[in-house]
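Structure record follows, encoded as structure tokens.
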Amino acid sequence: AGQVNGTTGYEEAAGQGLLAGINAAAKVKGLPPLVLRRDQAYLGVMIDDLIRFELDEPYRMFTSRAEHRLHLRQDNAALRLRPIAYQYGMIQERQYRDVLAMQELLDHELHKLRTTFVPFEDKGASLFAILTRPEWTYTSLQKAYPTQLEPLDTQIAKLLETEVKYDGYLRRQDKEILKAKTLQGMSIPSAFEYHDLSFLRAEAKQKFTKWAPRTLAEASRIAGITPSDIAILTIALTRSHNPNTVH
């Protein structure tokens, strides 16, 4: 089935089989279909690529295909996906409670790091700011300030450390995810006439007509489409939704 869909590799085939099995069971149980977003899982990236893009060669799921890959890490997989797994009856309640407790602990420790200030290099600094430095780990920070921090499980400590050190990049990706959700909310009529847009490039007109994206988010992910193409399409869609709008 993976080869029929244009993929190669055991992992890609297994991923499609897993998602297909979940959705088959969900249909029998009367549950809504499971559609993973690109910012939720690599499976979401792969399925979206397979159904929206033309495949010139057998598809492999490279990390570079995921624009939000800083969020799609191995260390936070349980936090991202166990709540979904529980919703579809794939894990036991005990496992679900464990991941909720892990998330609560992580949030608590992040708050503590942000709000606790200590003497540092002849001045004050938050524990969060200190931990952003490459030479510091959570373990070394805890040993330096034992009254403010308690020892943590190695898995939680490493996860916390990653969240802190990549905080700026993660915040930037959060803004991109929010923007993508905004684009996802703007639908494109199935009969939309791209060729009527005089400022749109000929290549963009051809690609939009061929792939018939359902939303601006899908249109923005078509290979060869530029931000300028999306800007022009956004204006045109806004006008079509609100004919009296002046631009």
Give Q184, Q155, Q148 a once-over and let me know the one that is touching a residue at least 12 places away in the same chain (Cβ under 8 Å), touching a Ser or Thr at 6+ places or on another chain (Cβ under 7 Å) and farther than 25 Å from M46 by Cα.
Q148
Counted residues in the range 177-198 being of a type in the set (D, E, K, R) and surrounded by 17 or more Cβ atoms within 10 Å (Cβ to Cβ) come to 0
So K27 passes all but one of these: (1) open to solvent by less than 60 Å² (accessible area, probe 1.4 Å); (2) assigned to a helix (DSSP H, G or I). Which condition number does it fail?
(1)
Given the structure, is L149 surrounded by 12 or more Cβ atoms within 10 Å (Cβ to Cβ) and either part of a helix (DSSP H, G or I) or not small (G, A, S) (or both)?
yes
Within the range 58-80, count every residue that is among the polar types (S, T, N, Q) and part of a helix (DSSP H, G or I).
2
Over the range 93-114, the set of residues of a type in the set (A, V, I, L, M, F, W, C), open to solvent by 40 Å² or more (accessible area, probe 1.4 Å) and within 23 Å of A125 (Cα to Cα) is L105
Give me a count of the residues in the range 160-209 that are in a helix (DSSP H, G or I), at pLDDT 90 or above and over 30 Å from L131 (Cβ atoms).
11
Tally the residues that are among the polar types (S, T, N, Q) and in a helix (DSSP H, G or I), restricting the search to the range 1-24.
2
Taking the condition over 21 Å from P146 (Cβ atoms), assigned to a helix (DSSP H, G or I) and at pLDDT 95 or above, does E109 pass?
no
The range 129-141: number of residues that are closer than 13 Å to T116 by Cα and in contact with a helix residue (DSSP H, G or I) (Cβ under 8 Å, 6 or more places away or on another chain):
3
With criteria (1) of a type outside the set (G, A, S); (2) in a loop (DSSP other than H, G, I, E, B); (3) in contact with a strand residue (DSSP E or B) (Cβ under 8 Å, 6 or more places away or on another chain), R114 comes up short on (2)
Residue among L55, L34, L50 that alone is open to solvent by less than 40 Å² (accessible area, probe 1.4 Å), in a loop (DSSP other than H, G, I, E, B), touching a helix residue (DSSP H, G or I) at 6+ places or on another chain (Cβ under 9 Å) and not aromatic (F, W, Y)
L34
Residue that is open to solvent by less than 70 Å² (accessible area, probe 1.4 Å), part of a helix (DSSP H, G or I) and within 21 Å of R65 (Cα to Cα), where the choices are A217, A231, A157, A236:
A217
Considering (1) acidic (D, E); (2) over 18 Å from Q184 (Cα atoms); (3) part of a loop (DSSP other than H, G, I, E, B), say which one D39 fails and leave the rest.
(2)
From the option list R52, R82, R69, single residue qualifying as in contact (Cβ under 8 Å) with a residue 24 or more places away in the chain and not polar (S, T, N, Q) is R52
So how many residues does the range 71-88 have that are hydrophobic (A, V, I, L, M, F, W, C) and either crowded, with 16+ Cβ neighbours inside 10 Å or touching a Pro at 6+ places or on another chain (Cβ under 9 Å) (or both)?
4
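The values are calculated or read from the model by the stated rules, or taken from the named source; none is laboratory data. Quick caveat: nothing in here was measured; it's all calculated off a predicted structure. Note that each Cβ is placed from the backbone with ideal geometry, even for glycine, and that neighbours are counted across all protein chains shown. With ligands, DNA and RNA removed, areas are computed over all heavy atoms of the protein, side chains included. Shrake-Rupley method; radii C 1.70, N 1.55, O 1.52, S 1.80 Å.
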